[in-house]
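So the structure is just underneath, and the comments pick up after that.
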Amino acid sequence: MFGFEFDPSFFSSLAQVIMIDLVLAGDNAVVIGLAAAGLPSDVRKKAILIGIIAATIMRICFALITTQLLSLGGGLLIAGGLLLLYVCWKMYRELSQPPHADHDAVEALENADLNADGTIAKRAPKKTLRQAVIQIIIADVSMSLDNVLAVAGAAQHHIEALIFGLGLSVVMMGVAATFIAGLLTKHRWIAWVGLVIILYVAAKMVYEGADQLLGYTLPTIPFVYSGHVVPTH
């Protein structure tokens, strides 16, 4: 079943998985915080809790089906890679903007006046709990799928790294989402590193999927794609 003789590619995959989990968990938490920022303080915590629980459950559900889907063929690998390329584009646009909105999100997540201006997330538009929860659930669906796809793509054929990564993503959303969001807001270079890694994973998935569709005729690329791996039984 599970082997214990890990080659260097395992540790490379594991490092990629950890960074992806870190960045996407923080990004998901920021989105939840932004959606909840416009709520009155007495219901803000409730909306954030709903969002984090929903994201955690969705990661578990998507993990059960996505890894199976990606093993079915090259077309689905290409589709997953293209979806991750879109994720990279969204992340790039977010990181290219001033961090004011992220600051409001972190204030909402921590329910604290971090910049000592006498308010919490004052720039956020006002909304109802129902509006915030709908916005959070829609975002959670997309971002949870993105997270599971990215982890599966980074882990590739290393089942141990895949299981660890999916478990870590659930723990990060359920336990440390607020802390990670604050960390990424203060140190945006971490998010940029994560963006590069997700871009790498997306390109690798698209290339491997194309190779499968073409009957494994594409050349190998050092550090990117080593060719067809025959599964062991």
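FYI, it's all coordinate maths here, none of it is from the lab. Predicted, not measured: the structure shown is a model, and the values here were computed from it. Glycine gets a Cβ as well: all are built from the backbone with ideal geometry, and neighbour counts include every protein chain shown.
A few points about this structure:
- Partners for LYS90 among lysines (Cα-Cα distance below 26 Å; same-chain residues under 8 apart left out): LYS122, LYS126, LYS127, LYS186, LYS204
- The length gained on full extension between ALA112 and VAL196, counted as 0.36 nm times the residue separation minus their Cα-Cα distance, comes to 27.1 nm.
- Most to least packed among 159-166, 28-35, 9-16 [average Cβ atoms within 10 Å]: 28-35, 159-166, 9-16
- Length released on extending from PHE11 to THR128, taking residue separation times 0.36 nm less the Cα-Cα span: 37.6 nm
- Full-extension gain in nm, TRP189 to ILE221, via 0.36 nm per residue minus C-alpha separation: 8.8 nm
- Rounded Å value of the spacing that divides the Cα centres of segment 173-212 and segment 140-171: 11 Å
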